[in-house]
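Right, one structure below, let's go through it.
Every number here is computed from the coordinates shown, using simple stated rules; none is lab data. Remember, it's a predicted structure, so these values are computed and weren't measured experimentally. So basically every Cβ, Gly included, is an ideal-geometry build from the backbone, and we count neighbours across all protein chains shown.
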Amino acid sequence: MIQKQCKVISNKLIAKDYYELVFNWESSFNPKPGQFLTLRPQGLPLLRRPFAFSSFKDNRAAIIYKTVGKATKGFSSLTEKDSISILGPLGSGFDLPKKRPVLIAGGIGLGPMLFTAIDFAERGLSPILVIGARDKSFIPKLELGKGVEVVIATDDGSLGFKGNVTQCLKTEYNNILNNCEILCCGPHIMLKACHELALEYDIECQVSMEEMMACAVGACYGCVVETTHQEKYKRVCKDGPVFNSREIVWI
């Protein structure tokens, strides 16, 4: 883990309300798919904000973020003249699957799944990346290279399959669901649906949990989730954010 100033390389709008921020990353602590960092909001006396890595290559790293409040809207004004205060990499990453990986992304969960898809493709694992959104305006143009099969599902059918990601898989990819592993990141309701799908087909499922974080280093216990472990509660920032879905008590 490092804390340092990193130079902004680019910061561009890639879909409705979604930006990709690329910055230099020169450190021996290289991020892994599923790990995250925290950024200090520009000019605001607020807590640092957590974001998953969306890529890392050749001393360049990136995140994908959605403009929601003052902090993220502030990030959207960053240019190549700016530098950003970064703490990371933090948390656990995804474990390598033993079967063909099906990666499922919803909302801001797209970032870490893009990173994972590219990494797995380079390892020859032939990942399937399923991206879910309300409509096509939230889907960025993707250039993932060879080895990644991309599937789109939109609620209104404006792009790809009409329906949610689990409906898409059961309809279009039912033939592989008995012999794959699911890795996912996105809204809680989507993660729960992926967990239930994994139970139905008796396959493994890794979930990257999204929780509000204060310290992001395991000190404050402000981001805990209920688990099936004896100690009951686990910290998303320190013990996660990636968990086996069967560890989580889903509500």
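For region 234-250, the tally of residues that are polar (S, T, N, Q) and either over 17 Å from the mean Cα position of the chain (by Cα) or in a helix (DSSP H, G or I) (or both) stands at 1. Here residue 200 passes the criteria (1) part of a strand (DSSP E or B); (2) under 19 Å from residue 99 (Cβ atoms) except the one numbered (1). In region 165-186, which residues are in contact with a strand residue (DSSP E or B) (Cβ under 7 Å, 6 or more places away or on another chain), buried (at least 17 other Cβ atoms within 10 Å of the Cβ) and not in a strand (DSSP E or B)? Of everything in region 165-186, those that are in contact with a strand residue (DSSP E or B) (Cβ under 7 Å, 6 or more places away or on another chain), buried (at least 17 other Cβ atoms within 10 Å of the Cβ) and not in a strand (DSSP E or B) turn out to be 165, 168, 169, 186. Counting only residues that are surrounded by 15 or more Cβ atoms within 10 Å (Cβ to Cβ) and more than 19 Å from the chain's Cα centre (by Cα), region 221-233 holds 2 of them. Considered as a group, the residues in region 173-192 that are farther than 17 Å from residue 128 by Cβ and among the hydrophobic types (A, V, I, L, M, F, W, C) include one that is farthest from the chain's Cα centre (by Cα), and that residue is 189. Annotation: of all residues in region 25-41 being surrounded by 15 or more Cβ atoms within 10 Å (Cβ to Cβ) and more than 18 Å from the chain's Cα centre (by Cα), the one that is farthest from residue 105 (Cα to Cα) is 27.
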